[in-house]
1. If you take the residues in the range 37-96 that are in contact with a Phe, Trp or Tyr (Cβ under 6 Å, 6 or more places away or on another chain) and not small (Gly, Ala, Ser), which one is surrounded by the most Cβ atoms within 10 Å (Cβ to Cβ)?
2. If you check 107, 74, which single one turns out to be under 12 Å from the mean Cα position of the chain (by Cα) and either under 22 Å from residue 40 (Cα atoms) or aliphatic (A, V, I, L, M) (or both)?
3. Going by the conditions given, is residue 18 surrounded by 17 or more Cβ atoms within 10 Å (Cβ to Cβ), assigned to a helix (DSSP H, G or I) and at pLDDT below 90?
4. Within the range 44-54, is there a residue that is part of a loop (DSSP other than H, G, I, E, B), at pLDDT below 95 and among the polar types (S, T, N, Q)?
5. For residues that are in contact (Cβ under 8 Å) with a residue 12 or more places away in the chain and loosely packed, with under 11 Cβ neighbours inside 10 Å, scanning just the range 105-156, find the one that is nearest to residue 81 (Cα to Cα).
Amino acid sequence: MSLWKLIRHLKFRQILSLVVLFAKWPLMLYPTAKATLKTMRICHDLYPEKHQGNGRGNAFRHALWNILITREAMKWNRNKQKSLDWAKIITDWHEKFAPNKEPARFMDLHNNAKGRELFERWTEKRDVLTDRYIVKQLKEAMAGSKKITGITETDYPGLVYIEEP
């Protein structure tokens, strides 16, 4: 999927909000776009047509997106905490302007946070997180994912999904 296709699906209000957001964080435009496109490419290869729903592929995509945004942002600002903060800001923005109903919204926010947590854990052990390493580790994390039925299951330490693909 191209960046243009992603942008074309936004409404005027969303575009305006995104412009304001990137005006505050101008150096994050390129790394965010790069991470977003790479996330879509990887997920399309691993979960063709299944990463769009509320299943395991979607859980994988949200965690991966946060990991890649943080990694790419660190290349620009060299600050892990600022990069993690940015990943939260932009993915929370996404959930606000492309809202899902509960429990799908909860699932997305939960998996976004778990992706950032995994990034922090992995970077304590390694200097460089390659795509191959990230995908391998995230697949292993998916093995421990849990199917949820509602938003009351907030204390689960791993990735969550709602429906089987």
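The values are calculated or read from the model by the stated rules, or taken from the named source; none is laboratory data. None of these values were measured; they are calculated from a predicted model. Counting neighbours? That spans all protein chains shown, and the Cβs are built from the backbone with ideal geometry, glycine included.
1. Going residue by residue through the range 37-96, those that are in contact with a Phe, Trp or Tyr (Cβ under 6 Å, 6 or more places away or on another chain) are 39, 55-57, 59, 67, 70, 73.
Narrowing further to those that are not small (Gly, Ala, Ser): 39, 56, 67, 70.
Values: 39: 22, 56: 22, 67: 28, 70: 26.
Ranking the candidates gives 67 first.
2. The conditions single out 107.
3. Values: surrounded by 17 or more Cβ atoms within 10 Å (Cβ to Cβ): yes; assigned to a helix (DSSP H, G or I): yes; at pLDDT below 90: yes.
When the stated conditions are applied, residue 18 passes them.
4. We begin by selecting, within the range 44-54, every residue part of a loop (DSSP other than H, G, I, E, B); these are 47-54.
Pick out the ones that are also at pLDDT below 95 and you get 47-54.
Keeping just the survivors that are among the polar types (S, T, N, Q) gives 52, 54.
Yes: the range 44-54 contains one or more residues that are part of a loop (DSSP other than H, G, I, E, B), at pLDDT below 95 and among the polar types (S, T, N, Q).
5. This residue is 154.
Quick grid of which residues meet (1) over 24 Å from residue 34 (Cβ atoms); (2) among the charged types (D, E, K, R); (3) not in a helix (DSSP H, G or I):
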{"position": "99", "(1), (2), (3)": "yes, no, yes"}
{"position": "102", "(1), (2), (3)": "yes, yes, yes"}
{"position": "105", "(1), (2), (3)": "yes, yes, no"}
{"position": "119", "(1), (2), (3)": "no, no, no"}
{"position": "123", "(1), (2), (3)": "no, no, no"}
{"position": "133", "(1), (2), (3)": "no, no, no"}
{"position": "137", "(1), (2), (3)": "no, no, no"}
